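Colleague: My questions will all concern the structure given below.
No value in this document is a laboratory result; all are computed from the given coordinates. All of these numbers come straight from a predicted model, not from anything done at the bench. Methodologically, a virtual Cβ is constructed for each residue, glycine included, from the backbone with ideal geometry; neighbour enumeration extends over all protein chains shown.
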Amino acid sequence: MTPRATDWGLALLVGFLFVTGVMSLFAGRPGDAWVFALHGVGGFALGAFVGWKLRRVWRRVLRRLWDRHTGAGASAAAVVLLTLVSGLA
């Protein structure tokens, strides 16, 4: 998977999780359980994408092989990690 596809996948998943998270605030009937299920599946997908992203970025960060894209990639991964942590909390 290309770095661009990884970043776009992360952005789309964060947006999807935001939408399903807001939807869960209004889901109170037993028939609305699908919202929580979708949100959970999205969370697992986000975890997989973060793992892939960290695998790609981590070597460059540790070796200080920074180029003009490394800082942006590391920042995007940090934001997504914060999103995952806030979802788990």
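Colleague: Which whole-Hz couplings ³J(HN,Hα) result when phi for each residue of segment 78-89 is put into the Karplus expression 6.51 cos²θ - 1.76 cosθ + 1.60, θ = phi - 60°, listed in order with x for Gly and Pro?
Modeller: Karplus-based 3J(HN,Hα) across segment 78-89 equals 5, 5, 5, 4, 4, 5, 4, 5, 5, x, 6, 5 Hz.
Colleague: Same structure again: How large is ³J(HN,Hα), in whole Hz, for each residue of segment 17-27 in order, when computed from phi with the Karplus curve 6.51 cos²θ - 1.76 cosθ + 1.60 and θ = phi - 60°, using x for Gly and Pro?
Modeller: 5, 4, 5, 5, x, 5, 4, 5, 5, 9, 9
Colleague: Hey, can you rank 17-23, 31-37 by average C-beta count inside 10 Å, highest first?
Modeller: Numbers: 17-23: 15.9, 31-37: 11.9.
Ranking, from highest mean packing down: 17-23, 31-37.
Colleague: Which of the peptides 66-76, 47-57 is most tightly packed, and how do the rest follow, going by the mean number of other Cβ atoms within 10 Å of each residue? Don't jump to the answer; show the numbers that get you there.
Modeller: Working: 66-76: 12.5, 47-57: 15.9.
Top of the packing list down: 47-57, 66-76.
Colleague: List, in order, the whole-Hz ³J(HN,Hα) value for each residue of segment 46-57 obtained from phi through the Karplus relation with A = 6.51, B = -1.76, C = 1.60 and θ = phi - 60°; use x for Gly and Pro.
Modeller: 4, x, 5, 5, 5, x, 5, 5, 5, 5, 6, 8
Colleague: I need the fraction of alpha carbon pairs in segment 3-88 separated by more than 23 Å, rounded to a whole percent.
Modeller: Roughly 30 percent, rounded to a whole number.
Colleague: Based on DSSP H runs of at least 4 residues, each adding -39500 (n - 2.57), what is the mean residue ellipticity at 222 nm of the chain after dividing by all its residues, to the nearest 500 deg cm²/dmol?
Modeller: -29000 deg cm²/dmol
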